[in-house]
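A.B. asks: One structure, as structure tokens, below. Some questions next.
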2 protein chains.
Amino acid sequence: MTHRLEPLLNPASIALIGASDNAGRIGGLPLDLLTRFGYAGHVYPVNPKYQEVFGLRCWPDIESVPQSVDLAVLAIGAGEVTPMLRRCHAHGVRAAIVYAAGFAEAGEEGTRLQRELEEFSAASGMLVAGPNCMGFANLNTQAHTAFASVFKTAPMQQEPGIVSLLTQSGNVCAAVYALARRQGLPFSQFINTGNEACIDFSEYLEYLARDEHTEIVLGYIEQLRDGGRFVQACRELQRRGKLLIALKAGATDKGAQAVRSHTSALAGDRRVYGAAFRQLDVIEAHDFAQMAQLAYLATLRHRSAGRRVAVLTMSGALGAILADRCIVAGLELPELPAELQQVLRGGIPDYGMVGNPVDVTGNVVNDPGFVRAALGALATSEAVDAVVVYAPGYMLDRMADALAEVARAHPRLFAAIDTGAAQCRQALRDAGVAVFDDIGLAVSALAPFLLWCDARRQRNGKEPAALVEADAQAAIALPCHEAAARAHLQHFGLADTSRHARDADQAVAQADALGYPVALKIVSADLPHKTEAGGVALQLGDADAVRNAYDRVVAAAARHAPRARLDGVLVQRMERGVAELIVGATRDPVFGPVLTVGLGGVLTELYQDTAHRLLPIDAAEAEAMLRELKVFPLLDGYRGKPKADLAAACRAMVAVGQALLATPQAAEIEVNPLLVKEAGQGVAVLDALILPISQSFIDP
Amino acid sequence: MTHRLEPLLNPASIALIGASDNAGRIGGLPLDLLTRFGYAGHVYPVNPKYQEVFGLRCWPDIESVPQSVDLAVLAIGAGEVTPMLRRCHAHGVRAAIVYAAGFAEAGEEGTRLQRELEEFSAASGMLVAGPNCMGFANLNTQAHTAFASVFKTAPMQQEPGIVSLLTQSGNVCAAVYALARRQGLPFSQFINTGNEACIDFSEYLEYLARDEHTEIVLGYIEQLRDGGRFVQACRELQRRGKLLIALKAGATDKGAQAVRSHTSALAGDRRVYGAAFRQLDVIEAHDFAQMAQLAYLATLRHRSAGRRVAVLTMSGALGAILADRCIVAGLELPELPAELQQVLRGGIPDYGMVGNPVDVTGNVVNDPGFVRAALGALATSEAVDAVVVYAPGYMLDRMADALAEVARAHPRLFAAIDTGAAQCRQALRDAGVAVFDDIGLAVSALAPFLLWCDARRQRNGKEPAALVEADAQAAIALPCHEAAARAHLQHFGLADTSRHARDADQAVAQADALGYPVALKIVSADLPHKTEAGGVALQLGDADAVRNAYDRVVAAAARHAPRARLDGVLVQRMERGVAELIVGATRDPVFGPVLTVGLGGVLTELYQDTAHRLLPIDAAEAEAMLRELKVFPLLDGYRGKPKADLAAACRAMVAVGQALLATPQAAEIEVNPLLVKEAGQGVAVLDALILPISQSFIDP
């Protein structure tokens, strides 16, 4: 690999500037680690105070280091950093890690220092990691550049690493490493990004996506600086079948300070991160133990697995509890096929169960031949994707040989849960069986992992939705009124069924053409909130009603906002549908264009029942969004009501998304409500809004 | 204590019928345990095959046992059980445990055997536990009557036990015991109830509520046979400040097969169990590890604690992650008062944080004096109820002495989370600090426990709501039509604003009196679904409209159900309100009368946004129910809309509950919708329904 971060993450030589002979200090600890674990590259401690540290010759300054240096680690104060970087660069050093705090996180002077550092890096092309970071470790080469004592206390690693840690907090890096090493996870890279002045999380992720020594990434994210690059890196991970397990700080939405549209209120930053993660097959973890368990499971990712789980236990109660947890977490426990049940019935007493969960009963652990046959049948059944065995302590020990043998013989994922203290745990792990201490932790890892396996299989080879080119006439001047917004959306395939009328006569003529009853609505680019302005009249049954209403709404709007430009009214036929949706496209500050859908109305906000996707999406993804909604049954023939025109709703969602992508001057496009009629009858735009980037309204 | 279960759970002498000299068999294992752990009472093995087993004289039959026997343990086959019970009873044995399976769980013959056993127990008064159970253990007296090898493999217990296990599955009993013993929890009783032929879960719970050696109960429930007794036992636990931690099997509602009202559909068995648990201060656990952690926390229940948590850590990121999890779980992290922040600022560098979470930074662990001062200040602040310290590994070790000292000096609850491998864990535990391995498990135990502490404090001394006596005129003949239902509810304080009219003239007169517009609705005890019958007319603006509508609805209803008895119409003024609720009282098969409330309409079912309580409730509890609803903001002045008349809504809810309690012949009483008007303007019943126990409708 020749990624530009190579000298940082896989250096052939390392200089430590500010070297110390004390392993308790940040200038000493990396040297201790480098020598202790046998890093094979050159190490050059630099400090005029010492002749030798940790058995290595110590150089008085970087200039006196005789060979070329890939990576300089700067264990010096913030104020000295940029001058030292200049000297390193002049001496041919390719990359540097800056430990020092006191940069952008620390007020004005620090911000100035960081800007200086950034400018130097940009001008010189020198790679600078940090500042305010703990450093890195490449556990495959033992290139230790982190002042992290956890490498001394955590269990040593023998096998080649395939798990990389990438975090925006040094303490999180160390905490996850310690916990995961105690479970034997083999690490590749350990990366703490710090202030990300010159290199951000997403660029490291891009490196790891291409790194042949990384199969699984554990990420801790506070905020992404480059959402686009993050998306690209995740797509690269997807393509290569690698997995990112991410813990995102900030479980609650901060909430936009100035909410401009309904969609903005619904598409909080937290929800957009969540949507991006799902869309990019990133598994979101909620604590460190779950992260470690997920990574452990992911080391078994070459086994075939999916959401259809068979549970085998020796107790009806334990099976029921485990089944409950699995189902709540989104897994399926399919009824087992008759022929499989027959095999199981061959060795299970009457008071056991051959359904799913399978209860082999306590007696059966004395019959290893049958256990082997039962597990073998589950290992080859087409009806399930994974097998979870729950037997505490000695019960599991009795089944262990058979379980290990079957797991070795078949590529299916097997997991075992032992709430006792079984002796066989390591032997099972060696055979490729995932072993867990308890139901809760097991399911919190198994469920997202198995759903990821499903998603990976479904996406197999499928590229993300492509953008349909907007036609040239789709240009629109913003701000615009609703009639223009509707016309704009029509270019992207969302038909407009309303008519624009400039005076009362036109309004009556349009209403006659559309058929009664109709609604009138004031047209004005300055009045997005038409109801509040008195600018809406509903259920107009004849020409007289239309004529009266025309005068009424124009007068009310003029009273409400005397400076607002009025441009006649929209006439629309009153129609009935199955449901009203809100469909909105907004620009997320991190991820860019995002589509949001929910049921229209006040309850959607209270229930937070919305679905979100990074754009573009295609119709299949739009339907997946609708199916995510808790209110989806309402569209699907709920309680004998007619089914909604799902296909038309999906086309409308795609159109709104495409419109935003093709309209760079628009901040948001919202159709609210979108009336979804009965299947085959399409949709109707009941209101449409296009907000330009930084618009201010006359509307009070 | 002189509870009738005393001979079962605290026997002074034990006979084992079907004794074996093999510790691997069910007739041998209890004898092994009794002798191994030094049970001080008399033990009488009974089996003609042996002279001696486990160093004890073995008796040929129960009749030859010379002394009186408290408890006989029957390790014999199902068919022999009742004859042997007769012999035991004749010989003066007070109680028996029946291990044998093959009773009600095993088909027809088993059911017959169990009935025989039940009849014998009822007639003789002999206490019989099981059948199909694993037996018991009293860990304080070492009275082992369970064939559970877990007692040999789990760590021995030195101190007096205060935790009791009560489960409906032997395997769950053993699994939880093993897990909890590894964490050092001191057990008192170990009870597996089996088929509960003669003694059910609730009676054991009643024993434990009164047992001076039990402070905490870990319960596993599949189904309760006596909900009323369960409620009483839980109230006894509440009164004594004891805690039940329950795991209920069946996380998903099974769903009634034949749903009769909307309320029945909403009040699934799972939701009623959940409501009962909350109402009775029972903590619901979801897996065994969480159960054990909760019990461990509960051993610290004499410390002061509540939901307002201060988090102290040495890393902003770790603090933020922990704070997130706490808030999602329902805890509060209050901003710390200025004077407390001043104390903290004394030792925390600028780049640390004195808010909440408190980030003392990594440097501070080298300053134990300051750590002690900071923890001391948190220990005495009135602004918080509990303190959680998160510092991994050696970081926690550095703070451990100060933490232990402060925890010993102050009654406040302290918890520590160590995701590293700190040496100080046991020392902290010895000082009364709860120590956890990881954030996830810590919060999953801390949150419900701290909320329980709050609830316990709030309920302190408060008795449950008393039933208001219904007046004698409240009698009602069922089935009844809506007018009668409304009149009945009025007796309990829910005013009826509709008028009953028998013909069109009356209807017009009533409408004139009420003011227009009005609604008309057919009155018929046989037609609960009036809209479907065409029996409703809305928005009638004048007398003519009323007159026409009268004829129309009566004709439509007669067409819809020719055999239905019609009894005129209800006339009701059309009114506007803030929200429409569904308020229903039903009879749960386990817990009896239950009140359900939710927002009216189809979305309530889809979102499952309902609150439930066992009846009776008072107005305060009714308001707590409304505040539980996710849509509560809609009643509380959402987005500038008027506030709803909460007090009137609460009175209406209490009235519906009281009405069901006072109407034994009613299966359900439902007001749907209940229109809640603006504050001060009360409520209006828009529809009311009283269903008799087992009604069948003419309505097709």
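The values are calculated or read from the model by the stated rules, or taken from the named source; none is laboratory data. These figures come from a predicted structure and were not determined experimentally. We place every Cβ from the backbone using ideal geometry, glycine too, and count neighbours over all the protein chains shown. Please note that ligands, DNA and RNA were not included when accessible areas were found on the heavy atoms of the full protein model with its side chains. Shrake-Rupley method; radii C 1.70, N 1.55, O 1.52, S 1.80 Å.
A.B. asks: Consider residue B:600 against the criteria (1) open to solvent by 30 Å² or more (accessible area, probe 1.4 Å); (2) among the small types (Gly, Ala, Ser); (3) modelled with pLDDT under 95: it satisfies all of them except one. Which criterion is unmet?
C.D. replies: Among (1) open to solvent by 30 Å² or more (accessible area, probe 1.4 Å); (2) among the small types (Gly, Ala, Ser); (3) modelled with pLDDT under 95, the lone unmet condition for residue B:600 is (1).
A.B. asks: Hey, could you check segment B:339-359 for residues that are over 17 Å from residue B:388 (Cα atoms) and either modelled with pLDDT of 85 or more or not in a loop (DSSP other than H, G, I, E, B) (or both) and say which is least open to solvent (accessible area, probe 1.4 Å)?
C.D. replies: B:348
A.B. asks: So if I check each of A:230, A:187, which one is more than 13 Å from chain B (Cβ to nearest Cβ) and in contact with a Gly (Cβ under 7 Å, 6 or more places away or on another chain)? So that I can check it myself, show each step before the final result.
C.D. replies: Numbers: A:230 fails: in contact with a Gly (Cβ under 7 Å, 6 or more places away or on another chain).
Unique residue meeting the criteria: A:187.
A.B. asks: May I ask you to list the residues in segment A:521-556 that are among the charged types (D, E, K, R), at pLDDT 90 or above and out of contact with any helix residue (DSSP H, G or I) (no Cβ under 8 Å at 6 or more places or on another chain)? Give the steps one after another, and end with the answer.
C.D. replies: So the first thing to find is which residues in segment A:521-556 are among the charged types (D, E, K, R), and the list is A:521, A:526, A:530, A:532, A:542, A:544, A:547, A:551-552.
Restricting the remaining residues to those that are at pLDDT 90 or above gives A:521, A:542, A:544, A:547, A:551-552.
A:542, A:544, A:552 - these are the residues of segment A:521-556 that are among the charged types (D, E, K, R), at pLDDT 90 or above and out of contact with any helix residue (DSSP H, G or I) (no Cβ under 8 Å at 6 or more places or on another chain).
A.B. asks: For segment A:457-479, check the following and say yes or no: at least one residue is modelled with pLDDT of 90 or more and of a type outside the set (Lys, Arg). Break it down into steps so the answer makes sense when it comes.
C.D. replies: Here is the first cut: in segment A:457-479, the residues modelled with pLDDT of 90 or more are none.
No.
A.B. asks: In segment A:522-540, how many residues are in a loop (DSSP other than H, G, I, E, B) and either within 18 Å of residue A:690 (Cβ to Cβ) or open to solvent by less than 30 Å² (accessible area, probe 1.4 Å) (or both)?
C.D. replies: Here is the first cut: in segment A:522-540, the ones in a loop (DSSP other than H, G, I, E, B) are A:523-535.
From what's left, either within 18 Å of residue A:690 (Cβ to Cβ) or open to solvent by less than 30 Å² (accessible area, probe 1.4 Å) (or both): A:523-530, A:533, A:535.
Qualifying residue count for the region: 10.
A.B. asks: Considering each residue of segment A:669-687, count those that are open to solvent by less than 20 Å² (accessible area, probe 1.4 Å), touching a helix residue (DSSP H, G or I) at 6+ places or on another chain (Cβ under 9 Å) and more than 14 Å from residue A:493 (Cβ to Cβ), and give that number. Can you show your working first?
C.D. replies: Filtering segment A:669-687 down to residues open to solvent by less than 20 Å² (accessible area, probe 1.4 Å) leaves A:669-671, A:674-676, A:682, A:684-685.
So of that shortlist, the ones also touching a helix residue (DSSP H, G or I) at 6+ places or on another chain (Cβ under 9 Å) come out as A:669-671, A:674, A:676, A:682, A:685.
From what's left, more than 14 Å from residue A:493 (Cβ to Cβ): A:670, A:676.
Looking only at that region, the number is 2.
A.B. asks: Shifting gears a bit: Within segment A:367-377, can one find any residue that is within 14 Å of another protein chain (Cβ to nearest Cβ), touching a Lys or Arg at 6+ places or on another chain (Cβ under 9 Å) and either at pLDDT below 90 or part of a helix (DSSP H, G or I) (or both)?
C.D. replies: Here is the first cut: in segment A:367-377, the ones within 14 Å of another protein chain (Cβ to nearest Cβ) are none.
No; the residues of segment A:367-377 include none that is within 14 Å of another protein chain (Cβ to nearest Cβ), touching a Lys or Arg at 6+ places or on another chain (Cβ under 9 Å) and either at pLDDT below 90 or part of a helix (DSSP H, G or I) (or both).
A.B. asks: Which number in (1) in contact with a helix residue (DSSP H, G or I) (Cβ under 7 Å, 6 or more places away or on another chain); (2) within 15 Å of residue B:399 (Cα to Cα) marks the one condition that residue B:361 misses?
C.D. replies: Tallying (1) in contact with a helix residue (DSSP H, G or I) (Cβ under 7 Å, 6 or more places away or on another chain); (2) within 15 Å of residue B:399 (Cα to Cα), residue B:361 fails exactly one: (1).
A.B. asks: Which of (1) more than 14 Å from every other protein chain (Cβ to nearest Cβ); (2) under 38 Å from the mean Cα position of the chain (by Cα); (3) of a type in the set (Asp, Glu) does residue B:63 not meet, given it meets every other one?
C.D. replies: Here residue B:63 meets the rest and fails (2).
A.B. asks: Here's a check for you: in segment B:26-51, which residue that is out of contact with any strand residue (DSSP E or B) (no Cβ under 8 Å at 6 or more places or on another chain) and in contact (Cβ under 8 Å) with a residue 12 or more places away in the chain is farthest from residue B:129 (Cα to Cα)?
C.D. replies: At the first step, the residues of segment B:26-51 found to be out of contact with any strand residue (DSSP E or B) (no Cβ under 8 Å at 6 or more places or on another chain) are B:26, B:29, B:32, B:36, B:38, B:40, B:48-50.
If we keep only those that are in contact (Cβ under 8 Å) with a residue 12 or more places away in the chain as well, we get B:26, B:29, B:32, B:36, B:38, B:40, B:48, B:50.
Details: B:26: 16, B:29: 18, B:32: 21, B:36: 24, B:38: 24, B:40: 22, B:48: 24, B:50: 26 Å.
Looking at residues that are out of contact with any strand residue (DSSP E or B) (no Cβ under 8 Å at 6 or more places or on another chain) and in contact (Cβ under 8 Å) with a residue 12 or more places away in the chain, I get B:50.
A.B. asks: Could you tell me whether any residue of segment B:167-181 is away from every other protein chain (no Cβ under 14 Å), open to solvent by 10 Å² or more (accessible area, probe 1.4 Å) and either over 19 Å from residue B:234 (Cα atoms) or not hydroxyl-bearing (Ser, Thr, Tyr) (or both)? Break it down into steps so the answer makes sense when it comes.
C.D. replies: Applying the first criterion (away from every other protein chain (no Cβ under 14 Å)) to segment B:167-181 yields none.
No: segment B:167-181 contains no residue that is away from every other protein chain (no Cβ under 14 Å), open to solvent by 10 Å² or more (accessible area, probe 1.4 Å) and either over 19 Å from residue B:234 (Cα atoms) or not hydroxyl-bearing (Ser, Thr, Tyr) (or both).
A.B. asks: So, one more: Looking at (1) more than 19 Å from residue A:296 (Cβ to Cβ); (2) at pLDDT below 95, which is the only condition residue A:384 fails?
C.D. replies: With (1) more than 19 Å from residue A:296 (Cβ to Cβ); (2) at pLDDT below 95 applied to residue A:384, the lone miss is (2).
A.B. asks: In segment B:557-609, how many residues are of a type in the set (D, E, K, R) and within 14 Å of chain A (Cβ to nearest Cβ)?
C.D. replies: The first filter runs over segment B:557-609 and keeps only residues of a type in the set (D, E, K, R), leaving B:559, B:563, B:565, B:567, B:573, B:575-576, B:580, B:587-588, B:605, B:609.
Imposing the further condition that a residue be within 14 Å of chain A (Cβ to nearest Cβ) reduces the set to B:580, B:605, B:609.
Qualifying residue count, segment B:557-609: 3.
A.B. asks: So, one more: Pairs please, first residue from segment B:183-194 and assigned to a loop (DSSP other than H, G, I, E, B), second anywhere and β-branched (Val, Ile, Thr) and open to solvent by 10 Å² or more (accessible area, probe 1.4 Å), Cβ atoms under 8 Å, 6+ apart in sequence or on different chains.
C.D. replies: Going by the 8 Å Cβ cut-off, the qualifying pairs are B:185/B:299; B:186/B:162; B:186/B:299.
A.B. asks: Among the residues of segment A:24-40, which ones are part of a loop (DSSP other than H, G, I, E, B) and surrounded by fewer than 17 Cβ atoms within 10 Å (Cβ to Cβ)?
C.D. replies: Start the filter on segment A:24-40 by keeping residues that are part of a loop (DSSP other than H, G, I, E, B), which leaves A:24-28, A:37-40.
Of everything in segment A:24-40, those that are part of a loop (DSSP other than H, G, I, E, B) and surrounded by fewer than 17 Cβ atoms within 10 Å (Cβ to Cβ) turn out to be A:24, A:25, A:38, A:40.
A.B. asks: All but one of (1) in contact with a helix residue (DSSP H, G or I) (Cβ under 6 Å, 6 or more places away or on another chain); (2) under 30 Å from residue B:548 (Cβ atoms); (3) open to solvent by 10 Å² or more (accessible area, probe 1.4 Å) hold for residue B:593; state the number of the condition that does not hold.
C.D. replies: Residue B:593 satisfies all of (1) in contact with a helix residue (DSSP H, G or I) (Cβ under 6 Å, 6 or more places away or on another chain); (2) under 30 Å from residue B:548 (Cβ atoms); (3) open to solvent by 10 Å² or more (accessible area, probe 1.4 Å) except (2).
A.B. asks: Is it the case that residue B:614 is aliphatic (A, V, I, L, M) and within 14 Å of another protein chain (Cβ to nearest Cβ)? Show your work before the answer.
C.D. replies: On the way: aliphatic (A, V, I, L, M): yes; within 14 Å of another protein chain (Cβ to nearest Cβ): no.
Here the answer is no, as residue B:614 does not meet what is asked.
A.B. asks: So is residue B:336 at pLDDT 90 or above, in a loop (DSSP other than H, G, I, E, B) and open to solvent by 10 Å² or more (accessible area, probe 1.4 Å) or not? Spell out the reasoning first.
C.D. replies: Numbers: at pLDDT 90 or above: yes; in a loop (DSSP other than H, G, I, E, B): yes; open to solvent by 10 Å² or more (accessible area, probe 1.4 Å): no.
When the stated conditions are applied, residue B:336 does not pass them.
A.B. asks: Inside segment A:617-634, can you point out the residues that are within 14 Å of chain B (Cβ to nearest Cβ) and either open to solvent by less than 10 Å² (accessible area, probe 1.4 Å) or of a type in the set (A, V, I, L, M, F, W, C) (or both)? It would help to see each step written out before you state the result.
C.D. replies: Within segment A:617-634, the first condition is being within 14 Å of chain B (Cβ to nearest Cβ), and the residues that meet it are A:626-634.
Result: A:626, A:629, A:631, A:632, A:634.
A.B. asks: One residue is enough: does segment B:629-648 have a residue meeting the conditions closer than 29 Å to residue B:589 by Cα, touching a residue at least 60 places away in the same chain (Cβ under 8 Å) and hydrophobic (A, V, I, L, M, F, W, C)?
C.D. replies: Checked segment B:629-648: no residue is closer than 29 Å to residue B:589 by Cα, touching a residue at least 60 places away in the same chain (Cβ under 8 Å) and hydrophobic (A, V, I, L, M, F, W, C).
A.B. asks: Among the numbered criteria (1) within 20 Å of residue A:150 (Cβ to Cβ); (2) surrounded by fewer than 22 Cβ atoms within 10 Å (Cβ to Cβ), which one does residue A:210 miss?
C.D. replies: Of the numbered conditions (1) within 20 Å of residue A:150 (Cβ to Cβ); (2) surrounded by fewer than 22 Cβ atoms within 10 Å (Cβ to Cβ), the odd one out for residue A:210 is (1).
A.B. asks: While we're looking at this one, here's another question. Inspect segment A:314-333 for any residue being more than 14 Å from chain B (Cβ to nearest Cβ) and either open to solvent by 10 Å² or more (accessible area, probe 1.4 Å) or among the hydrophobic types (A, V, I, L, M, F, W, C) (or both) and give the result as yes or no.
C.D. replies: So the first thing to find is which residues in segment A:314-333 are more than 14 Å from chain B (Cβ to nearest Cβ), and the list is none.
Checked segment A:314-333: no residue is more than 14 Å from chain B (Cβ to nearest Cβ) and either open to solvent by 10 Å² or more (accessible area, probe 1.4 Å) or among the hydrophobic types (A, V, I, L, M, F, W, C) (or both).
A.B. asks: State all residues of segment A:282-313 that are open to solvent by 10 Å² or more (accessible area, probe 1.4 Å), within 13 Å of chain B (Cβ to nearest Cβ) and hydrophobic (A, V, I, L, M, F, W, C); if no residue qualifies, say none.
C.D. replies: A:289, the sole residue that qualifies.
A.B. asks: Being of a type in the set (Gly, Ala, Ser) and either in contact with a strand residue (DSSP E or B) (Cβ under 6 Å, 6 or more places away or on another chain) or within 12 Å of residue B:54 (Cβ to Cβ) (or both) is the filter here, so list the residues in segment B:1-25 that pass it.
C.D. replies: Step one: of segment B:1-25, the residues of a type in the set (Gly, Ala, Ser) are B:12-13, B:15, B:18-20, B:23-24.
Within segment B:1-25, B:13, B:15, B:19, B:20, B:23 qualify.
A.B. asks: Of everything in segment B:117-163, what is within 26 Å of the chain's Cα centre (by Cα), of a type in the set (Gly, Ala, Ser) and surrounded by fewer than 24 Cβ atoms within 10 Å (Cβ to Cβ)? Give them in sequence order.
C.D. replies: Result: B:161, single match.
A.B. asks: Still on this model: Mind checking which residues of segment B:541-567 are open to solvent by less than 10 Å² (accessible area, probe 1.4 Å) and closer than 24 Å to residue B:675 by Cβ? Write out each step before concluding.
C.D. replies: Quick first cut of segment B:541-567, residues open to solvent by less than 10 Å² (accessible area, probe 1.4 Å) only: B:546, B:549, B:553, B:557, B:561.
Selection gives B:546, B:549, B:553, B:557.
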